[in-house]
Amino acid sequence: MGAVYFYHLTRKPIEATLPILLHKAREAGWRVLVRGQDADMLDRLDKQLWLGPDEGFLAHGRAGGAHDARQPILLSNVFGPAPNKPDCVMSVGGAELSADEVQAAQRACVLFDGHDAEATEHARTQWKRLTEAGCAAQYWSEETGKWDMKAQSASEPEV
């Protein structure tokens, strides 16, 4: 059973944070689905991932292509099973995650803009819904300049 990690972005934008998390996921050998609701946001992230940080671009594709099943990272705005069979599902821009997805994945992540009251409230709602469904969850904040775990659900699995 996986867990869902909530990342409260207050210092760095998603365009800077997402590539770091994607590199870590790929280093773990995971295939990743990045799910968003806003096509413009996915376009920006798509461009950013091709530019990449110093260590190089992150190979990925946009959902709807001929090779979706082969993509190590797939960006999509579709809720439901992903053709690349991800080990990790990352929600950006308020995209939904189901408890079944969280429990089937190695990890799920919710990245939300801490300067946007609506995004923060939506993340709180997601936390409540997912933890009530039995999903393990952690809340991470970057307010001090480094990522610190600030909260953990009672259903966190033993390691």
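The values are calculated or read from the model by the stated rules, or taken from the named source; none is laboratory data. Keep in mind it's a predicted model, so treat the numbers as computed, not measured. Ideal geometry is used to build each Cβ from the backbone, glycine not excepted, and the neighbour counts take in all protein chains shown. Heavy atoms of the whole protein, side chains included, go into the accessibility calculation; ligands, DNA and RNA do not. Shrake-Rupley method; radii C 1.70, N 1.55, O 1.52, S 1.80 Å.
Along Cα→Cβ, 7 Å out, is where each label goes; now give me the distance between the ones at SER98 and GLN37 in nm to one decimal. Using points 7 Å along Cα→Cβ, the separation is 1.8 nm. Note: relative contact order over the chain, using C-alpha pairs below 8 Å and six or more positions apart, is 33 percent. Quick check: from the Cα gyration tensor, does the range 57-120 come out rounded (a/c under 1.5), prolate or oblate? Here the range 57-120 falls in the prolate category. Using a Cα-Cα cut-off of under 16 Å, which lysines could be cross-linked to LYS150, ignoring same-chain neighbours fewer than 8 residues away? Cross-link targets: LYS128. Projecting label points 7 angstrom from Cα along Cα→Cβ for MET149 and LYS128 puts them 2.4 nm apart.
Given a 1.4 angstrom probe, what's the average accessible area per residue across the chain, in square angstrom?
Solvent-accessible surface per residue comes out at 53 Å².
Extension gain for HIS23-LEU51 works out to 8.7 nm (0.36 nm per residue, less the C-alpha to C-alpha distance).
Simple spin-label estimate for ALA66 and ARG44 gives 3.2 nm between the two label positions (7 Å along the Cα-to-Cβ direction from each Cα). Its DSSP H runs of at least 4 residues, each contributing -39,500 (n - 2.57), put the calculated 222 nm mean residue ellipticity of the chain at -9500 deg cm²/dmol, to the nearest 500. For the chain, the fraction of 1.4 Å probe accessible surface lying on carbon and sulfur atoms is 52 percent. Excluding same-chain neighbours fewer than eight residues apart, the lysines reachable from LYS47 by a Cα-Cα span under 21 Å are LYS12, LYS24. Kirkwood radius for the range 1-141, taken over all pairs of different Cα atoms as the inverse mean of 1/r, rounds to 14.9 Å.
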